[in-house]
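To keep things clear, I will list the structure first and then write my remarks on it.
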Amino acid sequence: MAPAGSGFGTHRADLSPILDEERQMNEGRDRRLFENASDRFEPATNESRTRYTVLVADDHVMFREGVKALLEREGFDVFAEAGDGYEAIALARAQQPDVAVLDLAMPMLNGLEAAREIHRVSPQTRSILLTMHDEDRYVLEAVRAGVRGYVVKTQATADLVQAIRDIVRGHIYLCPAVSRALVDAYLTGSDAPVDPLTTRERQVLQLVAEGHTTKDIARLLDLSVKTAETHRGRIMEKLGIHGTAGLVRYAIRHGLSPL
């Protein structure tokens, strides 16, 4: 058990009042998204059959399998799959794929943080973020992190293949649900909300939201327990949040934790 007042839950069930409703709403959505994918595309052209290598990372196995089937039908080589951000980074480092398709809300390390690290360990890999969010703040942060494609999951079957074709040609792809004005704002240096947290603090916040104890977080991030506690204190101070429940809500709203 975590010490009283530490703010870290020992069991994920402690967070169920916040997460259960969202989890129930998402049950079955991944199954529906790709049920009819094979009927939504014309046969691939010769151009689309260039054998680009693709890494797919999503913690929902059925969704991953749907993405893989769709992309392989279009001539792409889905050579590896990952269930969380750390696994995706390790595969990208070892295999140097052309494209990494990353779910935003993965456990342990979310897709945005994984994309940042993949860009470092495999600079030629172009990342596409799959997400349920089409809000401006998510998209602009993703572009700034080096993500080249942004696809909303509910439109993935219609947009993902085109996104890959575009980014391997050096373009940025934003699905139609996202305003193109975001790219203009990014390229012109327009002001946008700045994330108050460091990369390490975002990693700690995600693990807190997933119900990990202080010791768990220290072990997973190779930190001392005292350092993990210090990061948590700084997060709460920066965000003006005074309890674990508030941190969980913040993480969900900002796409840092799976629903």
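Got a sec? Which of V168, V151 is under 22 Å from A57 (Cβ atoms), β-branched (V, I, T), out of contact with any Cys (no Cβ under 7 Å at 6 or more places or on another chain) and at pLDDT 85 or above?
On inspection, the qualifying residue turns out to be V168.
Would you say Q155 is surrounded by fewer than 24 Cβ atoms within 10 Å (Cβ to Cβ), assigned by TED's automatic domain parsing to the domain that holds V61 and in contact with a Pro (Cβ under 8 Å, 6 or more places away or on another chain)?
yes
Among (1) without any contact (Cβ under 8 Å) to a residue 40 or more places away in the chain; (2) assigned to a helix (DSSP H, G or I), where does V143 come up short?
Looking at each condition in turn, V143 falls short on (1).
Collect the residues in the stretch 66-105 that are farther than 16 Å from V161 by Cβ and free of Cβ contacts under 8 Å to residues at least 24 places away in the same chain, keeping them in residue-number order.
Once the filter is applied, which keeps residues that are farther than 16 Å from V161 by Cβ and free of Cβ contacts under 8 Å to residues at least 24 places away in the same chain, the stretch 66-105 yields A90, A94.
Just to be sure I understand, how many residues within the stretch 106-127 are touching a residue at least 60 places away in the same chain (Cβ under 8 Å) and within 25 Å of A218 (Cβ to Cβ)?
8
Please state which one of E201, E229, E210 is charged (D, E, K, R) and more than 27 Å from A142 (Cβ to Cβ).
The conditions single out E229.
Kindly evaluate G75 against the criterion of being among the small types (G, A, S) and surrounded by fewer than 19 Cβ atoms within 10 Å (Cβ to Cβ).
Judged against the criteria, G75 is a match.
Residues that are within 21 Å of A145 (Cβ to Cβ), among the charged types (D, E, K, R) and at pLDDT 95 or above: find the strands (runs of 3 or more DSSP E) completely inside the stretch 67-131 holding 3 or more of those.
none
So Y86 ticks every box in (1) within 20 Å of T199 (Cβ to Cβ); (2) surrounded by 20 or more Cβ atoms within 10 Å (Cβ to Cβ) but one. Which box is left unticked?
Tallying (1) within 20 Å of T199 (Cβ to Cβ); (2) surrounded by 20 or more Cβ atoms within 10 Å (Cβ to Cβ), Y86 fails exactly one: (2).
Quick grid of which residues meet (1) assigned to a helix (DSSP H, G or I); (2) surrounded by fewer than 19 Cβ atoms within 10 Å (Cβ to Cβ):
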position: L205; (1), (2): yes, no
position: R219; (1), (2): yes, yes
position: K226; (1), (2): yes, yes
position: R232; (1), (2): yes, no
position: I235; (1), (2): yes, no
position: K238; (1), (2): yes, yes
position: H242; (1), (2): no, yes
position: L247; (1), (2): yes, no
position: A251; (1), (2): yes, no
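The values are calculated or read from the model by the stated rules, or taken from the named source; none is laboratory data. As the structure is a computational prediction, the values presented were derived from the model and not from experiment. Positions of Cβ are generated from backbone atoms using ideal geometry, with glycine treated the same way; all protein chains shown enter the neighbour counts.
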